[in-house]
Each structure stands twice: as structure tokens, then as C-alpha cells.
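Colleague: Quick one: the structure is below, questions incoming.
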Amino acid sequence: MVRNDEPYRKFAAGVVILRAQDANWNADFSNWPRKLPDGRFYSTDKALKYAIRKYLKEVKKEPVIFWRVYNEEGDIGNLAAMLDKNGIKITDKNIPEQVLEKGIDVRLFGGTFTLKKQNFSITGPVQITYGIDIWNKGKAYVSQIQSPKYEPKEGEGSDKPKYGSQSTLGSEVRLTEAHYAFDFTVNPNNLEKDDFIISVVKDERRKSLLNSDIELFKEALKYGPGYVTSATKTGVFSELVVFAEFKMEDEEGLVPLVPILKNGVGISEINNESLKRRLDIRNVVKILKNLGATKIEVAFNPDLCEVNGGEGVTITKI
């Protein structure tokens, strides 16, 4: 990708839908798929942000600030180590400017920095809601698993210990099928018009989200979830991304008040034999057009879904 490091001067909004097939995309602390009080499955925004960060860091080789750091003793996991990994010392006076310069994840999502001499937070331009399962027909199930565990026994009259085999019983929880729909917005004002950023960041280029950041974000929405291939997350892919842009020409930088778009997505079976689903985005497109969207892009995975409602928009395949 040819980088365009000019400031991104548009407001954007959209929906991304992830399909989870016999997977557990975002478990709670009991290892079960997260559920709302009304019984619907859901995912936190952090699960999607993790997939985006992982894709940007490992595939696109982009610097990422909020990423675990390991050494010979294991997981360090503290903010100072994360900053040091990116060449930022906690004694530096211009940490806000440095994290915006060096971390695409901070430019996108912001972050909270709790340091001994500096405590500050940055509200990122990209805000993502929780993902709600719009299919609502999937069932959670438990698979029992057995893994070997070898423990040494004291050897009698020998320097070499004898080993007895033992095994541990465990379980994996998965979900037959879910379609997690997340809303997102992109508001550059969160950086450019923030009083804190204006006061402490001197380099004007570091006060803005960049066009190249947005292109990478859109790519990560499409491919990041499928890149996370842990045992329970294998089987999760992006099946639909709607990305709409709006002009911000007035001095106040006012942005449209966008409702929850995922509520307008319909989903249905194509037939009894097909595992593909039909996604109806006519209401979403109508809302975006009525709000004045200047461009609407729709990307879908043809192996997972068909799309209704793509008239008058730019459609590509994932």
C-alpha cells in the first residue's frame, strides 16, 4: 500500500459483522461465550480491537503501543515495558506526542496512560460498540478434552527419575453459530479539537488521524478477525463491512448523529442446505444516505453470505 500521510478530514461510520462457526470469539472468565441479560450472545469491543492490533502489528508491520511484552521470565505486561519496546522512556516529557507518532493503535483508538509522573488519556477517533449476535439461533456447547501431564517420580537407587503418566481433563466451550455486528464511528475531531492534545502536542501532523491509518483500519476490519487463529477463535471471519464517509467542511467540524446501525441489519437463511446467510442492509444504506453520506463502501465475503441492499454503493469482496 502506498502510504498517504495527509490528515484524514472526514467523518465515517459503519458496521462490521463477524461470523463465528463452532468457535468462541469472546469468552467470559468462565470460558463461556458472553451473554446479555436477555440471552443474546455479545462481544466486547476489545476483542475486535485485539484482532485489529494483531493484524496491523504482525501482518502490516505497524508499530503498536498496547501489546504485551515478554522476556525470559514471561509476560511483563506493564505500560512502561510497552512504551520502552517502542523507544519511549517513561521519563520523557513529550510522551503524548510520541505515542501518537509511533503507535497507529493510539491514533485510532486512543488509550489511558497511568504513569508515575504523567497521567493522561487520549480519546481515539475510532469508537467501536459491543458486538451483538444478530442471528440469535446459535447454541453453546461443551467439548471435553484430555491432555497429557507428566510428573516425575523419585527414582530409587538411580540418578534418572522414573516418569509416570497422568492426564488432566478439561473442556472447551464453543458456539454453533453467531453473527456479531459492531457499529463504529471515525471522528477526527477527537484528536484535532481536543484541548489536551492541542496544548501538549506541538507537531501539527501528530494531532491528526492519517489517510493511511484509515486504509489500514479498513483492511484490518476485513482480515484481522480471520488472522486470529487460536483454538477457539478459529472459525471466525469478517463477512460484511459497511464503511460510509461524510464531509466535514464547516469550521465547527460538526458531525452527523448516527443511530445504531446494526439494528437495521437483517439476516436470514438462504435455504435449508446452505450454510451461507443472506444479509439485508437496505435500512442501513437508507439511513446513511439520508444523513448525507458522500460515499458508501460495502465489502462482503461471498463464501459466507449474500447481500441485499447494495444498490448505489461501492461493493467489493473480502
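Bear in mind these aren't lab numbers, they're just calculated from the coordinates by the rules spelled out. Computed from a predicted model, the values in this text were never measured in an experiment. We place every Cβ from the backbone using ideal geometry, glycine too, and count neighbours over all the protein chains shown.
Colleague: Under a point spin-label approximation (7 Å from Cα along Cα-to-Cβ), what is the residue 9-residue 193 distance to one decimal in nm?
Modeller: The modelled label-to-label distance comes out at 1.5 nm.
Colleague: Which lysines have a Cα less than 23 Å from the Cα of residue 61, not counting those fewer than 8 places away in the same chain?
Modeller: Partners within reach: 46, 49, 85, 89, 102, 207, 218, 222, 233.
Colleague: Pick from 270, 134, 95: which residue has the top mean-square fluctuation in a GNM of the chain where Cα pairs under 10 Å get a spring?
Modeller: In this elastic network of the chain, the residue with the biggest mean-square fluctuation among 270, 134, 95 is 270.
Colleague: Excluding residue 312 itself, calculate the net charge of residues whose Cβ lies under 14 Å from the Cβ of residue 312, where each Lys or Arg counts +1 and each Asp or Glu counts -1. Display every interim value, and only then the final one.
Modeller: Working: positive: 282, 286, 289, 295; negative: 297, 311.
With Lys, Arg at +1 and Asp, Glu at -1, the neighbours total +2.
Colleague: Sticking with this structure for a sec: Anyone know which of 103, 87, 264 comes out most mobile in the 10 Å Cα GNM of the chain?
Modeller: Result for the chain, Cα springs under 10 Å: 87 fluctuates most.
Colleague: Add +1 for every Lys or Arg and -1 for every Asp or Glu among the other residues with Cβ under 11 Å from the Cβ of residue 53, and state the total.
Modeller: Working: positive: 46, 49, 54, 57, 60, 68; negative: 58, 62, 105.
Overall, the nearby charge balance is +3.
Colleague: Local charge sum around residue 80 (other residues, Cβ-Cβ under 12 Å, Lys/Arg +1, Asp/Glu -1)?
Modeller: Numbers: positive: 85, 89, 116, 117; negative: 84, 92.
That sum, taken over residues with Cβ under 12 Å, equals +2.
Colleague: Ok, one more. Which of 15, 99, 69 moves the most in a Gaussian network model of the chain with Cα springs under 10 Å?
Modeller: Among 15, 99, 69, the largest GNM mean-square fluctuation belongs to 69.
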